[in-house]
1. Once you put a point 7 Å from the Cα of residue 111 and another 7 Å from the Cα of residue 125, both along the Cβ direction, what distance in nm separates them?
2. Give the calculated FRET efficiency between residue 14 and residue 279 to the nearest 0.05, with a Förster radius of 22 Å applied to their Cβ-Cβ distance.
3. If the chain between residue 173 and residue 88 were fully stretched, how many nm would it gain, using 0.36 nm times the residue separation less the Cα-Cα distance?
4. Calculate the translational D of the stretch 1-90 in whole µm² s⁻¹ from Stokes-Einstein, where the hydrodynamic radius comes from the Kirkwood formula applied to all Cα pairs, the temperature is 20 °C and the viscosity 1.002 mPa s.
5. Using a 10 Å cut-off on Cβ atoms, rank the peptides 158-171, 55-68, 257-270 from the highest mean neighbour count down.
6. Sort the following peptides by mean Cβ neighbour count (other Cβ atoms within 10 Å, averaged over residues), highest first: 221-230, 272-281.
7. About the Cα centre of the stretch 148-282, what is the dipole size in debye to 20, counting +1 per Lys and Arg Cβ and -1 per Asp and Glu Cβ, all else neutral?
8. The stretch 1-51 to the stretch 207-242: how many Å between their Cα centroids?
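We did not get these values from a lab; they are worked out from the coordinates using the rules stated. Quick caveat, the model's predicted, so the values are computed rather than measured. No Cβ is skipped: glycine too gets one built from the backbone with ideal geometry, and neighbour counts run over all protein chains shown.
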Amino acid sequence: MPELTPIEKSFLVQKFAKLRFGPLHVVGYSVAGEETVIQIPELNVCFDIGRAPYFSLTSDIICISHSHMDHLAGLGYYLSQRAFQGMKPGTVLLPREIERPVDQLLRCWRDVERQGTPYTLVPMTPGKVHEVRRDFGIRAFATHHGGTSLGYSLVSVREKLKPEYLGKTGPELARMKREGIEIQYRIEVPLVAFLGDTTIGNVFDQPDVQNAQILITEVTFFDTDHRIKAKAGKHLHLDHFVEVLPKLKNEQIVISHVTRRTGIKRAQRLLAKRVSDEDMKRIHFLMDFEGARDEGEVEDAGPPPVDTKE
Ligand SMILES: [Zn+2]
Ligand SMILES: [Zn+2]
């Protein structure tokens, strides 16, 4: 027998989060520097792709926030697996500035794999809307992570009859429509907004960010002596989050991308000291598995953190 190395920690199982808010679920995994992939299954959208865990394959649309590996690594695998399994080509929204290198990367994979994996890249810029259907669009907005980074909001679009026409009969309305009269107006309801990686800035003044029913925001650092790390990596620190919280009208706020240095339990305790009990009721940690009834199988996973880009 050779000398055996004892295993101190098992990396065999990865646990995924699943939070439910009314008709929508937030499914995913997000740890700073390691992996971020967050899915809204009912809306067919995944924010970032992480290492492309199996559940991510079921989303037709992927919204990439920025080019750090922990958010992007699995893109080639996602597209290839979907082709392999006979699913329709994935659509990938991404910052315009990284469209070319990502396209080159994916072409490389096609050559390496010798499989003509199809895909659609949609270059996005702040303010641009990708219309998925007449009643559903995805709007990009700028975030502050150094270089190019975007957040996305999933917007439900409803058309309603203008109040001045409420008394009209069906045939009358049909005639007016034929005559080219605008009888309806649009209502946009931001359902979910995702910030990707960002530090504090005017992203928190975006109406979609302030009003989304569900806001998914990073808060990477919580400890006082991590302020310097938050500044260097252009991430949010608890101090920033506490500062912007009064602006946020969201029914639910999901915190993602917490550093493993702090851990969820400690982060929750530090947060609870700074915000009201009322606010605590609407703030959730994506990776809080305590009391979760419907998460994936798990164990704490991953090597110790290093001082690299997250
Ligand atoms: Zn990150
Ligand atoms: Zn990043």
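1. 3.0
2. 0.15
3. Numbers: separation 85, 0.36 × 85 = 30.60 nm, distance 3.93 nm.
Residue separation times 0.36 nm, minus the Cα-Cα distance, leaves 26.7 nm.
4. Values: Rh = 14.3 Å.
Rounded, D is 150 µm²/s.
5. My ranking of the peptides, most packed first, is 55-68, 257-270, 158-171.
6. Working: 221-230: 17.0, 272-281: 11.3.
Listed from highest to lowest mean packing, they are 221-230, 272-281.
7. Working: 23 positive and 18 negative charges, 74 e Å.
With Lys and Arg at +1 and Asp and Glu at -1, about 360 debye.
8. When both Cα centres are located, 20 Å separates them.
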